[in-house]
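The values are calculated or read from the model by the stated rules, or taken from the named source; none is laboratory data. Predicted model, so just to flag it, every value in this text is computed and none were measured. Virtual Cβ from ideal backbone geometry, glycine too; neighbours counted across all protein chains shown. To get the accessible areas, we keep the full protein, side chains included, count just its heavy atoms, and leave off ligands, DNA and RNA. Shrake-Rupley method; radii C 1.70, N 1.55, O 1.52, S 1.80 Å.
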Amino acid sequence: MADLSVNLGGISSPNPFWLASAPPTNSGYQVMKAFDQGWGGAVWKTLGVPVVNVSSRYGAVNYRDIRMMGFNNIELITDRPLKDNLKEIEEVKKYFPEHAVIASLMVESREEWHQIVKDVENAGADGLELNFGCPHGMCERGMGSAVGQEPNVLETITSWVKEVAHTPVIVKLTPNITDITEPALAAHKGKADAISLINTIQSLVGVDIDQMVPYPIVDGKSTNGGYCGPAVKPIAQNMVKNCAQLEYGRLPISGIGGIENWRDVVEYLLLGATNVQVCTAVMHYGFGIVRDLESGLQQYMKDKGFQTVNEMVGKALGNVTSWENLNLKYKIVAEIHQEKCIECQLCYTACEDGAHQAIGLSEKSRIPYIIEENCVGCNLCSLVCPVEECITMERRDNGQEQITWKERTENGTIPTTFNDPLAGGRDHWVPDPKDAFNKE
Amino acid sequence: MTDFKRPANPQEFEENFEQLHPIMNATQAHYESSRCLFCHDAPCINACPTEIDIPLFIRQINTNNLSGAAKTIYESNWLGNICGKVCPTEVLCEGACVYNHQEVKPIEIGRLQSYASSVAINRNKHLFEKALDNGKKVAVVGAGPAGISAACELALLGCMVTVYEAKELPSGLALYGVAPYKILNDTVLEEVEYLQKQFGFHIKYQHPLQAAEDFEQLDRAFDAVFLGIGLGSTRELQLEGESLDGCWGAVEFIEMLKTLQHKAMVGKKVVVLGGGNTAMDAASEACRLGAEQVVLAYRRSKDEMRAYEFEYELAKSVGAVGLWNVTPLAILGEEKVVGVLFIETRTIDKKLETIPGSDYTIDCDMVIKATGQNKQKALVQLIPGIQTDPSGRILTVNDLGQTHNARYFTGGDAMNGGKEVVNAVAEAKVAARGIHQYLTENQG
């Protein structure tokens, strides 16, 4: 069995699976239950300034028969008394001394920050997470994402915390910003020990078209919430990658956003996260999913020969580059494996209407064929095909040649005018516009 | 031995004849519709005689556009709910579903179709606006699937339609001939009532046309006629004992069952003659009525039966026992049936012959002959100019269902010799459009 223990900026935990600060960590009962089932850490539901929550707090994006592809909430930080939370943190640590209990915090003044840090550390918290990400309700009061969107303020508050903190400090970043590396660098300047990202994305999750009010509806009105769940994973992964690739000012990362299964965990680790945090999947399926996270990660590590989680961290980063460094000589084309084809012709429609008219149909058979000279290797057909491995993308260049946009720029061989013969699509065949009328 | 107790009341009847394709609930419909791939040039559409845009209505169900789904269905098929339940989908749309290539369960198209159309029926959704009255009057003879389909289409096109029906209730074999486990009588009648409300055609019940004068009157009162007269009674086998008490034609047996429900009569030991789908139905039905023993006897081999595989499986699953390569020589008994004298057969050089000396008797108190229906020859002969093929099917002069008498169009069993409900619906729709075209062209 591989060693799953991790250490994020000085906070150790028996495995990389943490619960994110959210409803699943609202109470000692939930955190104990989660640890008992196999979670390695929990970031407590944010403690801080007093709030009042509304009834009707969540909304969801369902996709066909899949519920909660995306999830949105307008819930604020904890509305339970601080003393109750502190007592429960203490209790949890008594039973689970090796597990990571992180206190998520959100207050306003320097004095308040100093006081609450002292309180939670006295209760036994292993680390602190500064909630600079919440994009609804709290930001209007100058907290949450209002801080995360102002790198200077973020840096200042982080340094206030660092003045008194004895445990490691994680800064949680908001994705509601143009360049995620700016707040990441500000956290570094403020001497944070780690960053966690992403918090939720400001969102509306659809509109009740009878009442004409967005969800969730609070007595006929609604407001923007924070978006999370599987739908946000691609956005979060890109941001994690950006922070992980920083050459200067890089901090250890706790990856958050749409994690639901072991594969998601592996992806985040390969993109540079030291551990991960999960919320929506637990709100959907409960703590039990950790069993799949653990067994899947174990199997993957065994298959790949990793002894520790840390060995995996960032393994994909070297393969993420900027567009200008991609090989323009690389050429793939689609190939349809006839024996696997179920004749749905989705690839035909997708290519015909949505891409490059590089798939044809014959009179004899319902199995489409590739018109290789038109195929730009875009992958679309292989993505819409409902059968695994039925359409594969096959390499057609010789694998020897390489030229990138950057190199062409240096060579002076890039197209520079609108009708430049050096431009890419010049020799690419497209049908005559009027041919549109001759199709079914 | 069959597994069914003789049903003593409507509830027990319903239990014995439990619906094969019950109406889906909204959750089932949502999950099932989610699976549809939305194929290009979808094979399911091509497999449907009415060419319903199946991927579209399934998508509409999935987006909760149920009226849109029902409209997509009814635009192509006026008996959307009935067909969803009684169509042999296994060999039509669902048999063509591309999932079959992957050994994934095909989409339950029939049930989805019934779901969407029954929602429209239950909510009495008015989906279609009739064209303005074009002043043309059309008579429809027969309120079976073909007649109802033609009536809807003609009314939509702006014709005044009157339907003449010999029986007390509409829907023809969809009501009197389809096995009760496929569809309930009420379901059939509700769809016709829904259509009638929407299109306002009039049905004259118990109004058989029996004499040449009846058709002369039609000719005077109407601009054109659609003949949806279907087929007649069960064909005689010319066997000794065929008129004994307890010897039934399958069509008559099923009609009796559909009318009397739990009070329907059935023998203790039943022999069903035939190897087609009607034979399978009759055997299933006899089992479910509580017959102790049901033998399905077919003169050729099992593989040569015309019945769909799933229909045979269904009959077998409720206790009917197949007996192949036997042909009846006589039906035995004094007043009542007591048995059937069979002789074994074999096929030599593609010719079926009996094996001398191989005759034997099977005791029974009921015989059901599922050996085909007569054509309505006598009725057709009353109409001047109409021609039939040697088997008695009405001939048409074009693919619009027009007969040799230009004012008469036809479709359904009377023309095709006996196919599915969905074929009748499709052919009648085409014929109705043919009538409209004929009347419009003749206008000026």
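Annotations for the structure displayed:
- Relative contact order computed over chain A (Cα-Cα under 8 Å; 6+ residues apart), in percent: 13 percent
- Interface A-B: total buried accessible area of about 1400 Å², 1.4 Å probe, protein heavy atoms only.
- Set B:268/B:316; B:125/B:167; A:439/B:130; B:167/B:269 screened for pairs whose C-alpha atoms are more than 20 Å apart: B:125/B:167; A:439/B:130; B:167/B:269
- Residues whose placed amide H lies under 5 Å from that of residue B:368, excluding near-sequence neighbours: B:248, B:271, B:272, B:273
- Threshold 20 Å² - residues in region B:96-116 whose accessible area is reduced by that much or more when the chain is no longer isolated, probe 1.4 Å: B:98, B:101, B:102
- Region B:127-217, accessible surface, carbon-and-sulfur percent (1.4 angstrom probe): 50 percent
- Remark: chain B carries a charge dipole of roughly 600 debye about the Cα centre, counting +1 on each Lys and Arg Cβ and -1 on each Asp and Glu Cβ.
- In this rough spin-label picture, where each label sits 7 Å from Cα along the Cβ direction, the residue B:244-residue B:336 distance is 1.2 nm.
- The GluC sites (Glu not before Pro) of region B:85-157 that DSSP puts in a loop, and whose beta carbon has at most 12 other beta carbons within 10 Å, are B:103, B:129.
- Partners for residue A:233 among aspartates and glutamates (Cα-Cα distance below 15 Å; same-chain residues under 8 apart left out): A:260, A:264, A:267
- Additional length obtainable on full extension of the chain from residue A:208 to residue A:110, 0.36 nm per residue less Cα span: 31.0 nm
- With Cα atoms, 0 to 90° folded angle of helix B:421-441 axis to chain B main axis: 40 degrees
- Pairwise FRET efficiency - residue B:102 versus residue A:379, Cβ, R0 = 30 Å, nearest 0.05: 0.90
- Between A:258, A:412, A:220, the Gaussian network model of chain A with springs among Cα atoms under 10 angstrom shows the greatest mean-square fluctuation at A:412.
- Qualifying lysines (Cα of each under 19 Å from Cα of residue B:137; at least 8 residues distant if same chain): B:197, B:204, B:429
- Between helix B:185-199 and chain B: long-axis angle, C-alpha atoms, 0 to 90°, nearest 10: 20 degrees
- In this rough spin-label picture, where each label sits 7 Å from Cα along the Cβ direction, the residue B:306-residue A:33 distance is 6.4 nm.
- Listed as lacking a disulfide-compatible partner in chain A: A:134, A:139, A:228, A:243, A:279, A:341, A:351, A:375, A:378, A:385, A:390, by the criterion of no other cysteine Cβ under 4.7 Å.
- Whether chain A is rounded, prolate or oblate, judged on the alpha carbon gyration tensor where a/c under 1.5 counts as rounded: prolate
- Averaged over the residues of peptide B:32-39, the number of Cβ atoms from other protein chains lying within 10 Å of each residue's Cβ is 4.
- Between residue A:284 and residue A:317, the simple label model (points 7 Å from Cα in the Cβ direction) yields a spacing of 2.9 nm.
- What a 1.4 Å probe finds exposed on region A:6-318 is 50% carbon and sulfur by accessible area, rounded to a whole percent.
- Over 21 Å between alpha carbons, listed pairs A:45/A:83; B:258/B:336; A:83/A:162; A:304/A:340: B:258/B:336; A:83/A:162; A:304/A:340
- Taking Cα atoms only, the orientation of helix A:151-164 departs from the longest principal axis of chain A by about 40 degrees.
- Here the calculated FRET efficiency for residue A:429 and residue A:324, from their Cβ-Cβ distance with R0 = 25 Å, stands at 0.35, rounded to the nearest 0.05.
- Unit charges at the beta carbon, dipole of the protein assembly as shown: most positive-side option, B:211, A:48, B:272: A:48
- The solvent-accessible area of residue B:436, taken with every protein chain present and a 1.4 Å probe, is close to 50 Å².
- Whole-Å distance, taken between Cα centres, linking region B:181-212 and region B:402-444: 18 Å
- For residue B:294, the residues whose modelled amide H falls within less than 5 Å of its own, excluding neighbours fewer than 5 places apart on the same chain, are B:270, B:321.
- Over region B:3-119, all Cα pairs binned in 10 Å intervals from 0 give whole-percent P(r) values of 14, 44, 26, 12, 3, 0, listed from short to long.
- Surface composition of region B:247-369: carbon plus sulfur atoms contribute 50% of the solvent-accessible area (1.4 Å probe, protein chains only, all chains present).
- Those residues of region A:48-74 for which accessible area with every protein chain present is at least 30 Å² below the isolated value (1.4 Å probe): A:64, A:65
- Global geometry of chain B, whether rounded, prolate or oblate, following the gyration tensor of its Cα atoms and the 1.5 cut on a/c: oblate
- Per residue, the accessible area of the protein assembly as shown comes to 46 Å² when a 1.4 Å probe rolls over the protein heavy atoms.
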